[in-house]
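Heads up, the thing below is written out as structure tokens.
The values are calculated or read from the model by the stated rules, or taken from the named source; none is laboratory data. Fair warning: this is a prediction, and the values are worked out from it, not measured in the lab. Note that each Cβ is placed from the backbone with ideal geometry, even for glycine, and that neighbours are counted across all protein chains shown. The protein model used for the area step is the full one, side chains on, heavy atoms only, and it has no ligands, DNA or RNA in it. Shrake-Rupley method; radii C 1.70, N 1.55, O 1.52, S 1.80 Å.
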Number of protein chains: 2
Amino acid sequence: MTRTDVAVVGAGPIGLAIAWRCAIRGLRVEVHDPAPGSGASAVAAGMLSPVAEAYFGERRLTELLVASAARWPGFAAELTEASGTEIGYRTEGTLMVGLTGDDLAEARRLWAYQQGLGLPVTPLRPSELRDREPALAPRVRGGALAPTDHQVDPRLLVPALRTAARRAGAVLVPQPVRRLSDVDAGVTVVAAGCGAAALTGLPVRPVKGQILRLRAPGGVAPGFRHVIRGYADGEHVYLVPRADGEVVLGATVEERADTSVTAGAVLRLLRAGVDLLPELTEYDLVEAVAGLRPGTPDNAPILGPLPGRPDVLAATGHHRHGIVLTPITAEKIADLVTTGVPDPLLAPFGADRFAVASSTGTGDAARPDAGDVSGRRFAVASPAGDAARPGAGDVSGPGRTTEEDLWS
Amino acid sequence: MTRTDVAVVGAGPIGLAIAWRCAIRGLRVEVHDPAPGSGASAVAAGMLSPVAEAYFGERRLTELLVASAARWPGFAAELTEASGTEIGYRTEGTLMVGLTGDDLAEARRLWAYQQGLGLPVTPLRPSELRDREPALAPRVRGGALAPTDHQVDPRLLVPALRTAARRAGAVLVPQPVRRLSDVDAGVTVVAAGCGAAALTGLPVRPVKGQILRLRAPGGVAPGFRHVIRGYADGEHVYLVPRADGEVVLGATVEERADTSVTAGAVLRLLRAGVDLLPELTEYDLVEAVAGLRPGTPDNAPILGPLPGRPDVLAATGHHRHGIVLTPITAEKIADLVTTGVPDPLLAPFGADRFAVASSTGTGDAARPDAGDVSGRRFAVASPAGDAARPGAGDVSGPGRTTEEDLWS
């Protein structure tokens, strides 16, 4: 058998999009996965939210999210054309809301940070909020619009990518890859989500998310059109309306590796969802499910060759951002496969930023999220974010941000 | 083909138990059902609660519930022996609790009524309550013990009854019965739950119930042993612990005929359940399901011949009481088949208490729950209960009850 040019391990959105982009450049591509689309994407809501998800201490990640979101309109159009199927791409924008005064204060602090980055966030008066979405609870105290934060349906995206990749000549091999030596290719791309840890030793860990799917009664569309992201009595939830009546309500973020659905999580999600949008009370609850996001110590993906293995490229660790990062990941990894030269945009996201610690105890105390993954202990060599402890929060006031304009 | 002695329409617990009891008396029995056990029993919790469910205005129904519950120990033992399978019969008793002061006041009014009937209800001090079930929330204000209210697992009961009926010689015919003329037998017993309306014209209507199944994490038994029935901020719920770790949390009572699971119902059930037993937060939510109880205008079952059709016996309309009423229904219907003479105990539950109204407007105003079922309008000729409007509540003080002692 002729050796293939590219072997992609993992047929989620990331792996399939890479396969598609490589195949349309004329490369021979195989995608290895016994169960395509059965990982995090089968559970994901599909928000394309670089603005609403621009968090303190994750500036470089935000840059990548913004760059990828900017590619989504073209990517969606090309994919719809190439596959002949709809993918549920919607551009009504995202409303960010706060239920109580405390919720609004927390939200406003983040909106100010996002505005300081030059991202498009428009605070709305309560009357403007209700003009846009009359279904919001009267209790909702305030909100802001992120008009460029869109959505896509991951359960439509994966079949569309499969079709597009297949039409471009990529071949699906429905077999599991248990070690890198199982595949023989010029370049191997590991896009195996949480499975990348066992294949590569990279510090990718499962981050559990529980999520609900509701459906408007009577087969009608939901009574709201924007993606709603809300703070409700301290609970952070989002509500994603689909044209077919589905509403995705999520999600927990748990340092657990099981996929059980728990009573407490369902209760918290439903309570917050109904508090923000009372009409959800009447909706059918059609699914409650948990998935595992591929998390990394600094919440950013790992995009590039394994240290000492230029023939093995990682494209994993996308955590909560796999769908929005699909276009740029596919484009930049395909570039890398073709040219051998990494785009400077990928520099902060190299696999080399995580070094295997030669002894225990170094670094972990300062980075409590580094953790012990797949039996090996890692310390962080250089973070992709700009804070010493990503996610720990920016204690300076939002008015003091000096970030450049990310959106322009 | 030889005409069979008894054709039972419906292979739920009622139909199967009747078939079993008839078969062990030497009758040739056929049970017709394309999907045995797929009705209300597949959803039911299996509480055997004549005491906790003794409501104002339903004295004769309570007498029947008490009489049937008294048969359960022997019935369970005989069925376990005859089928060779366990049915999850447990006798730890039921704790009735109130979360808030208002809940407790509502509960105490009912407990006083139940005590006035001579039913075994023992009020407990908070310390006694917590001694019995330390998992109860500290907020729970008070409670009472109904030691004779037990439980069984309907999902074990139905297979056991199938086996017992089969071993006794009954034959299952996996075909639907669309009209009474589809079967040819000496006696036809209609035990078709909600399906009885279309077959007989009796005023049996679907009453929707939504119910959850949780499971203690780690495969252990739940952290409580009693059935818990609680009032929690005005919400009435029950929690039924099984030995295998399952907890059944129910149930809504809705005048609807669909079987959708709604977000609002799941939220209300979980909130009340967690308020009463905080450890449920950590439980897995393994099932959310809705079923349709066969309700009647006076909430009591219909047990006896159709008017003018002595060869057709109804055994339906058991509403929320099908499991507890299974032994006495089976015994008395089998007696009736054998002897042709109805037991006096059945007198209040005859089909003849519902007469087809010759004109609209008679009776319905006084009995708003009579409703319009299967396209025909019924008025009530003589109620099985003792109140003019069953379920409307007893406005006399509990101390004034003059009911005889039902328990002795």
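Summary table
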quantity: Residues satisfying the stated conditions in the stretch A:306-321, i.e. open to solvent by 20 Å² or more (accessible area, probe 1.4 Å) and either under 23 Å from A:SER41 (Cα atoms) or under 21 Å from the mean Cα position of the chain (by Cα) (or both); calculated: A:HIS319, A:ARG320
quantity: Qualifying position, being buried (at least 18 other Cβ atoms within 10 Å of the Cβ), of a type outside the set (A, V, I, L, M) and under 18 Å from the mean Cα position of the chain (by Cα), among B:GLY291, B:GLY273; calculated: B:GLY291
quantity: Residue tally, condition open to solvent by 70 Å² or more (accessible area, probe 1.4 Å), within 12 Å of chain B (Cβ to nearest Cβ) and among the charged types (D, E, K, R), over the stretch A:247-260; calculated: 1
quantity: Residue selected from the stretch B:122-136 under the condition open to solvent by less than 10 Å² (accessible area, probe 1.4 Å) and either touching a residue at least 40 places away in the same chain (Cβ under 8 Å) or small (Gly, Ala, Ser) (or both), by the criterion farthest from B:GLU106 (Cα to Cα); calculated: B:GLU133
quantity: Qualifying position, being of a type in the set (Val, Ile, Thr) and touching a Phe, Trp or Tyr at 6+ places or on another chain (Cβ under 7 Å), among B:VAL173, B:VAL189, B:VAL152, B:VAL183; calculated: B:VAL152
quantity: Failed item in (1) among the small types (Gly, Ala, Ser); (2) within 30 Å of B:ARG25 (Cα to Cα); (3) open to solvent by less than 40 Å² (accessible area, probe 1.4 Å), with B:ALA263 passing the rest; calculated: (2)
quantity: In the stretch A:85-119, residue farthest from the chain's Cα centre (by Cα) [restricted to those that are open to solvent by 30 Å² or more (accessible area, probe 1.4 Å) and within 26 Å of A:ALA243 (Cα to Cα)]; calculated: A:THR85
quantity: Test for A:ARG225: is it among the basic types (Lys, Arg), at the interface with chain B (Cβ under 10 Å from one of its Cβ atoms) and more than 20 Å from the chain's Cα centre (by Cα); calculated: no
quantity: Scan of the stretch A:75-94 for residues that are free of Cβ contacts under 8 Å to residues at least 40 places away in the same chain and not aliphatic (A, V, I, L, M), ordered by number; calculated: A:GLU78, A:GLU81
quantity: Among the residues listed as B:ARG205, B:ARG167, B:ARG139, the single one being more than 14 Å from chain A (Cβ to nearest Cβ), among the charged types (D, E, K, R), open to solvent by 10 Å² or more (accessible area, probe 1.4 Å) and more than 30 Å from B:ASP233 (Cα to Cα); calculated: B:ARG167
quantity: The stretch B:59-84, subset hydrophobic (A, V, I, L, M, F, W, C) and closer than 22 Å to B:ALA168 by Cα, residue most open to solvent (accessible area, probe 1.4 Å); calculated: B:ALA77
quantity: Options B:LEU346, B:LEU285, B:LEU306; residue that is of a type outside the set (Asp, Glu) and within 14 Å of chain A (Cβ to nearest Cβ); calculated: B:LEU285
quantity: Members of the stretch A:163-212 found to be of a type in the set (S, T, N, Q) and in contact (Cβ under 8 Å) with a residue 60 or more places away in the chain, listed by number; calculated: A:THR163, A:GLN175, A:THR188, A:THR200, A:GLN210
quantity: The lone exception for B:ALA330 - which of (1) surrounded by 20 or more Cβ atoms within 10 Å (Cβ to Cβ); (2) under 27 Å from B:LEU95 (Cβ atoms) it fails; calculated: (2)
quantity: In the stretch A:336-350, residue surrounded by the most Cβ atoms within 10 Å (Cβ to Cβ) [restricted to those that are in contact with a Pro (Cβ under 8 Å, 6 or more places away or on another chain) and at pLDDT 95 or above]; calculated: A:PHE349
quantity: Near pairs, Cβ below 7 angstrom, 6+ apart or cross-chain, from the stretch B:16-28 (within 16 Å of B:GLY186 (Cα to Cα) and open to solvent by 60 Å² or more (accessible area, probe 1.4 Å)) to any residue that is outside any loop (DSSP other than H, G, I, E, B) and among the polar types (S, T, N, Q); calculated: B:ARG25/B:THR338; B:ARG28/B:THR4
quantity: Qualifying residue in the stretch B:210-217 (condition: closer than 23 Å to B:ARG271 by Cα and among the polar types (S, T, N, Q)); calculated: yes
